[in-house]
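Chemist: The structure under discussion is supplied below as C-alpha cells; questions concerning it will follow.
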Amino acid sequence: MKTASLEKAVEDLFQAEKNVRTLPQFATEFPDFDEDKAYDVQELLIDKKCREEETGISGWKLGLTSKAKQQMMGVHEPSYGVLLKNMSLDEGQTHSIDRFIHGKLEPELAFVFKEDIQGPHITAAQIIQSTAYVLPAFEVIDSRFEAFKFTLLDAVADNSSSCRYILGNQMLPPDAVDMSLTGIVFRKNGEVMATSTLAAVMGNPASAIAWMANKIAKRGQFIKKGQVVLSGAITQAVHIEPGDHFSAAFDGFGTINVNFKAGE
Ligand code: OOG
Ligand code: MG
C-alpha cells in the first residue's frame, strides 16, 4: 500500500468521525492492506487526532478478546487501540450521543499501571504486579464503517472502534480480585442485558493485557506508568439510544452508571 493511500485512509477515518458519517470498508479500496499497514494507519490517525484535537494519549484498549467475537471475525487473537484524554467521560452523568455514529456500550475492567511495562515475554502475573489498581469501566465503541461491519484490518485501522470511555470510582488492588470468577450484571433501563464473569475476557483480563504488552513491543511501544488499559468487553455491546440509563454491577466493587441524551 502506497504512502498516499495510507494517508487517504487516515484522512477518511478522521473526517468520518468528525462529520459523524460512515465509510465503505477498506478491504475493497486497498487490496494490499495487511496487519502492519492497518496498525500504521491507526498510529498516524492517533498522531493526527492528538495534533488537531489538542489532546494526548491516556492509555490503551483491547478489542475482540472474547472467543465468540474472534470466531465471528475468523481470528485467533485480539486487537488493540489507543485511548486519548478527550475520550474520557464522567461516570454517573448524562452525556450527548450527538457525536456518535452508531455508538454501543460495553462493560470492561480497567487497569491503571504504577510502572512502565515493556514486552516481549510479559506474563499475566507481571501485569498484575505492575498494576496500581483495577476498576469497573464502560467503553462506548463506535465504528466509522457502514452498518458497524468491518474486517479485522478495517477495525485495527479504525483504532479498534474506540470512541469514549467511562471509569468508575471503585478501585481495588488487582490481587484482591478474582480475575476469572468476578461476576457482572449489565443493565439497560433496569432490564438485564447480559450477565458474565471476567473469564469471558480470554480466561483472565490480565492475560489479554499481557498479550497486548507483547504485541505493542513489536512496534517499539510499551504501557507507561499512569496509563489506563481497558481489557476488553465482558459482555456483548448494547446499542445506545437517547434517554438510556446503563448500569453494570461488578461483584466486590459496586455499580457503575451512565446516562445518554440527544442534543448537547
Ligand atoms: C470493536 C471493538 C471491540 C471490545 O472490547 O471487544 C472492543 C471491534 O473491533 O470489534 O472494544
Ligand atoms: Mg471494548
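Chemist: Taking the Cβ of each residue in 13, 172 as the centre, tally the other Cβ atoms inside 10 Å and list the residues starting with the fewest.
Modeler: Numbers: 13 24, 172 16.
Final ranking by Cβ density, sparse to dense: 172, 13.
Chemist: While we're on this one: Residue 176 versus residue 149, label points 7 Å from Cα toward the beta carbon: distance in nm?
Modeler: 4.7
Chemist: So how do 72, 193 line up by other beta-carbon neighbours within 10 Å, fewest first?
Modeler: Neighbour counts put them in this order, fewest first: 72, 193.
Chemist: Another question about this same structure. Can you tell which of 131, 65, 182 shows the greatest fluctuation in a Gaussian network model of the chain with Cα springs below 10 Å?
Modeler: Checking each option, the largest mean-square fluctuation is seen for 182.
Chemist: Sticking with this structure for a sec: Counting each DSSP H run of 4 or more residues in the chain as -39500 (n - 2.57), what helix-only mean residue ellipticity at 222 nm follows after dividing by all residues, to the nearest 500 deg cm²/dmol?
Modeler: On the way: 7 runs with 70 residues, N = 264.
Rounded to the nearest 500, it is -8000 deg cm²/dmol.
Chemist: Which distance in nm do the two modelled labels at residue 86 and residue 34 give, with both placed 7 Å along the Cα-to-Cβ direction?
Modeler: My value for the distance between the label points is 3.4 nm.
Chemist: Let me ask something additional. Checking the cross-link filter: which aspartates and glutamates have an alpha carbon closer than 16 Å to that of residue 37, excluding same-chain neighbours under 8 positions apart?
Modeler: Hits, sequence-local ones excluded: 7, 11, 12, 29, 47, 154, 158.
Chemist: Projected onto the charge dipole of the range 3-261 (+1 at Lys/Arg Cβ, -1 at Asp/Glu Cβ, origin at the Cα centre), which of 172, 19, 234 gives the Cα projection farthest towards the positive end?
Modeler: The one lying farthest along the dipole's positive direction is 172.
Chemist: When the chain is treated as a GNM, springs tying every alpha-carbon pair under 10 Å, which of 218, 85, 48 comes out with the largest mean-square fluctuation?
Modeler: For the chain, modelled as a Gaussian network with Cα springs under 10 Å, the answer is 218.
Chemist: Please compute the net charge surrounding residue 95, taking Lys and Arg as +1 and Asp and Glu as -1 over other residues with Cβ under 11 Å from its Cβ. All intermediate terms of the calculation are to be shown ahead of the outcome.
Modeler: Values: positive: 99, 164, 261; negative: 90, 91, 98, 244, 264.
Result for the local shell: -2.
Chemist: Additional query: Using a simple charge model, +1 on the beta-carbon of Lys and Arg, -1 on the beta-carbon of Asp and Glu, nothing else, what dipole does the range 127-264 show about its Cα centre, in debye to the nearest 20?
Modeler: Details: 11 positive and 12 negative charges, 102 e Å.
Using only the charged Cβ atoms, the result is roughly 480 debye.
Chemist: Normalized C-alpha radius of gyration of the range 3-261, against 2.2 N^0.38 Å?
Modeler: Relative to the rule-of-thumb radius for its length, the range 3-261 sits at 0.95.
Chemist: Quick check: net charge around residue 27, other residues with Cβ under 15 Å of its Cβ, Lys/Arg +1 and Asp/Glu -1?
Modeler: Neighbour charge sum, excluding residue 27 itself: -4.
Chemist: Still on this structure, please answer the following. From the phi of every residue in the range 71-81, what ³J(HN,Hα) in whole Hz does the Karplus formula 6.51 cos²θ - 1.76 cosθ + 1.60 yield, where θ is phi - 60° and glycine or proline is x?
Modeler: In residue order, the calculated couplings are 5, 4, 8, x, 10, 10, 9, x, 10, 9, x Hz.
Chemist: Something else now. So, counting K/R as plus one and D/E as minus one, what does the shell of residues with Cβ under 13 Å around residue 141 add up to?
Modeler: Numbers: positive: 61, 69, 104, 144, 164; negative: 17, 106, 108, 139, 142, 158.
So the surrounding residues net to -1.
Chemist: Follow-up. Which of 237, 16, 176 moves the most in a Gaussian network model of the chain with Cα springs under 10 Å?
Modeler: Between 237, 16, 176, it is 176 that shows the largest mean-square fluctuation.
Chemist: Among the aspartates and glutamates, which fall within straight-line cross-link reach of residue 225, defined as a Cα-Cα distance under 13 Å, with same-chain neighbours fewer than 8 residues apart omitted?
Modeler: The qualifying aspartates and glutamates are 115, 116.
Chemist: Using Cα pairs under 8 angstrom and six or more residues apart, how large is the relative contact order of the range 3-261, in percent? Walk me through the intermediate numbers first.
Modeler: Working: 586 pairs, mean separation 69.8, N = 259.
Relative contact order, the range 3-261: 27 percent.
Laboratory data are not the source of any read-out in this text; all were calculated from the coordinates shown. The shown structure was predicted, so the numbers you read here are calculated from the model rather than taken from an experiment. Reconstructed Cβ throughout: ideal geometry from the backbone, glycine too, with neighbour counts over all protein chains shown.
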